[in-house]
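So the structure is just underneath, and the comments pick up after that.
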Amino acid sequence: MLSVLIACAPKKAFEDAIYIENITVIDPLDGTKEGQTVVIKEGKIHKIAPSAELKLSSDNTIIDGTGKFLMPGLWDAHVHFAYMEEIAPRMFDLFMLYGITSVRDTGGRIELVTDYKQQSLNNPTKAPRVKIAGPLLDGMPNVYDGSDPGHPPLSVGLKTVEDVNNKIDELNEAGVDLLKAYEMLTPDQFVAVMKKAKELGLKVTGHVPLSMDVISASNGGLNSMEHLRNVELSCASNAEELLAQRRKMLENDKDLSGSELRSSMHEAQRETAVNNFSEEKAKEVIETLARNRTWQIPTLALNTLRAELFMRQPWWSESIQYLPDTTASRWQSIVDRMAGSEVPAFQQTYAAWMFKMVGQMHEAGVEFMAGTDTPIGFQTPGISLHNELVMLVKAGFTPLGAIKSATYNPAFYFGMQDELGSVKEGMWADLLILNADPLKDIENTRQIDAVIKQGEYYNQEALDKIRERLR
Ligand SMILES: [Zn+2]
């Protein structure tokens, strides 16, 4: 093969290519290969071969990869461009800076998220790939109705099944990549979302509606679930009783806003449900999720925020300097207050429950994607995904498993596994070069030497330029 290559492909064939020499390749499926030369040309991985076998031409840009590690660029599978308008314009740069080369936006005004998607398509070497869900499809009253800063208008409130069908047609025409079902949908509306999505060939992610249980949502065709939301309610020994109670609350508490109603229901039931955790019920739920391939995006750092307080780590303080001053100081003062007060006992229990559930699901073959919910929950875009990987390892993933959940898995979810998500010839060159082995310590994914986006090579100097722009 190699001799053929040398004989038939003189140096002209590799002109303008980037050669990364003598690097350790980390592929999420195949694991590690040392001493490789990776040739990048026209935005793609052109060739991978042992460095000892591949002859280089003096015309090429040659990068010494000795002691370094090459892995696929990362995905953050749960972001919101529309959540904080002051942060949104910096998100592309922050993602690129930290090697996040693809993102999945899980809810926001259609005009805004379409605009970000289009900007990304126009600048494929400067911005992460963007997949969008459009607004959350919610029932009435809708949770993210714009009533307060904590609940900006990320959702549409749909009154009827007909509303659901019309809205999905509209979003499909606007070019969404998936749909997101939300907590106030009625069971009839949920069924309508699934039916319409199937007709149009769209995936549906979401939160299990409060009027339903996890098993029927998964059996009904929900493709993925965010935050393990409302899973605890279906894993309680008294799950049926809790469901009946919720349906009553939805019926009776009509004068509350969507966010108040949802919070009141979580407050009324979450702690009880976790305290009544049933291994038997959980087993049934987990088996259903595995069988139906209902993917999980557990946003562990977000869900365990109060107990773990990741914001006390040095990387967090460093990261907020890239945010607008007003945001950074607002976040810092809330975090200081939080750090100075006692952690509510239930938050420790809930965090332990989260880690345990994610570990059990992973072991049972449920599929995962790494996602953060940035910029919600003090999660600085970009770096937060690296922290999420640490959380997944804490829940029982191997470092390679955690990396797979942020590379190959999201690519597979979108049917792009032949283009993205692993280090193979013919794939888009969305890559990350690290100075230390992430398989030895998952914290090493942030030891970034260079980021490559669709063939464009960002060395430290280029990354410094992004840092300067952000400051
Ligand atoms: Zn979210």
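The values are calculated or read from the model by the stated rules, or taken from the named source; none is laboratory data. Because the structure is predicted, anything quoted here is derived from the model rather than measured. Heads up, the Cβs are rebuilt from the backbone with ideal geometry, glycines too, and the neighbour counts pull from every protein chain shown. The area values use the complete protein model at the heavy-atom level, side chains included, leaving out ligands, DNA and RNA. Shrake-Rupley method; radii C 1.70, N 1.55, O 1.52, S 1.80 Å.
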Unit Cα scatterers, Debye sum, region 375-471: log10 I(q)/I(0) for q = 0.13, 0.14 Å⁻¹ = -0.52, -0.61
query = Among residues other than residue 316 whose Cβ falls under 14 Å from its Cβ, what is the net charge (Lys/Arg +1, Asp/Glu -1)?
reply = -3
ask   = Classify region 240-279: rounded, prolate or oblate, from the alpha-carbon gyration tensor (a ≥ b ≥ c, eigenvalue square roots; a/c under 1.5 rounded; otherwise prolate if a/b is larger than b/c)?
value = oblate
request  = Take region 165-217, drop everything but the C-alpha atoms, weight them equally and run the Debye formula without solvent; then report log10 I(q)/I(0) at 0.24, 0.29 Å⁻¹ to two decimals.
outcome  = -0.90, -1.21
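Would you mind estimating how fast region 201-265 diffuses translationally, via Stokes-Einstein at 4 °C and 1.567 mPa s with the Kirkwood radius over Cα pairs, in µm²/s?
Working: Rh = 12.7 Å.
Roughly 102 µm²/s, to the nearest whole number.
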request  = Over region 285-376, calculate the relative contact order: mean separation of alpha carbon pairs under 8 Å at least 6 apart, over the residue count, as a percent.
outcome  = 60
Accessible area in the full protein assembly, largest first, 1.4 Å probe, for 397, 69, 412 = 412, 69, 397
remark   = Going residue by residue through region 198-212, the Karplus relation 6.51 cos²θ - 1.76 cosθ + 1.60 with θ = phi - 60° gives ³J(HN,Hα) values, rounded to whole Hz and with x marking Gly or Pro, of 5, 4, 8, x, 9, 7, 10, 9, x, 9, 4, x, 5, 7, 10
key: Amide H contacts of residue 427 (H built 1.01 Å from N, under 5 Å, at least 5 apart or other chain)   = 45
Relative contact order, percent, region 69-109 [alpha-carbon distance under 8 Å, six or more residues apart] = 60
task = Find the Cα radius of gyration of region 335-390, compare it with 2.2 N^0.38 Å by division, and give the number to two decimals.
result = 1.36
task = Enter the per residue convex hull volume of region 169-290, computed from alpha-carbon coordinates, in Å³ rounded to the nearest integer.
result = 106
request  = Enter the accessible area of residue 333 (Å², nearest 10), with the probe set to 1.4 Å and all protein chains included.
outcome  = 60
remark   = Yeah, region 317-445 with a ≥ b ≥ c from its alpha-carbon gyration tensor (a/c under 1.5 is rounded, else prolate when a/b outruns b/c, oblate otherwise) is oblate
request  = Determine the share of the chain's accessible area contributed by carbon and sulfur atoms, expressed in whole percent, with a 1.4 angstrom probe.
outcome  = 48
task = Figure the gain on full extension for residue 441 and residue 306 (residue separation times 0.36 nm, minus the Cα-Cα span) and round it to one decimal in nm.
result = 46.2 nm
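So what is the relative contact order of the chain, in percent, for Cα pairs below 8 Å that sit 6 or more residues apart? All intermediate terms of the calculation are to be shown ahead of the outcome.
Numbers: 953 pairs, mean separation 90.8, N = 471.
It rounds to 19 percent for the chain.
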inquiry  = At 222 nm, what value in deg cm²/dmol follows for the chain if DSSP H runs of at least 4 each add -39500 (n - 2.57) and the sum is divided by all its residues, to the nearest 500?
reply    = -12500 deg cm²/dmol
remark   = Residues other than residue 432 with Cβ under 12 Å of its Cβ, Lys/Arg counted +1 and Asp/Glu -1, net out at +1
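Would you mind working out the magnitude of the charge dipole of region 37-112 relative to its Cα centre, with +1 at each Lys and Arg C-beta and -1 at each Asp and Glu C-beta, to the nearest 20 Debye?
Numbers: 8 positive and 10 negative charges, 68 e Å.
Using only the charged Cβ atoms, the result is roughly 320 debye.
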ask   = Counting only residues 5 or more places away or on other chains, whose amide H sits under 5 Å from the amide H of residue 206 once H atoms are built in the peptide plane?
value = 181, 224, 225, 226
ask   = Where only protein heavy atoms count, and the probe is 1.4 Å, what is the accessible area per residue for region 230-273 in Å²?
value = 49
Accessible area per residue, Å², region 328-471 with all protein chains present, probe 1.4 Å = 38
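Determine the per residue accessible area of region 39-189 with all protein chains present and a 1.4 angstrom probe, expressed in square angstrom. Display every interim value, and only then the final one.
Details: 5560 Å² over 151 residues.
It amounts to 37 Å² per residue over region 39-189.
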Kirkwood-based Rg to Rh ratio, the chain, C-alpha trace = 0.99
ask   = If you line up the Cα atoms of region 42-175 on their principal axes, what length do they span on each, largest first, in Å?
value = 65, 29, 22
Separation between Cα centres of region 36-104 and region 157-178, rounded to whole Å = 35
query = What is the antiparallel percent of DSSP beta bridges lying wholly in the chain, to the nearest 5?
reply = 50
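Between exposed GluC sites (Glu not before Pro) in the chain, where DSSP calls loop and at most 16 other Cβ atoms lie within 10 Å, what's the longest gap?
Details: sites that count: 15, 42, 53, 85, 86, 342, 419, 425.
With GluC sites (Glu not before Pro) excluded where exposed in loops, the chain gives 87-341 as its longest stretch.
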query = Which cross-chain or sequence-distant (5 or more) residues have an amide H under 5 Å from the amide H of residue 130, H modelled 1.01 Å from N in plane?
reply = 103
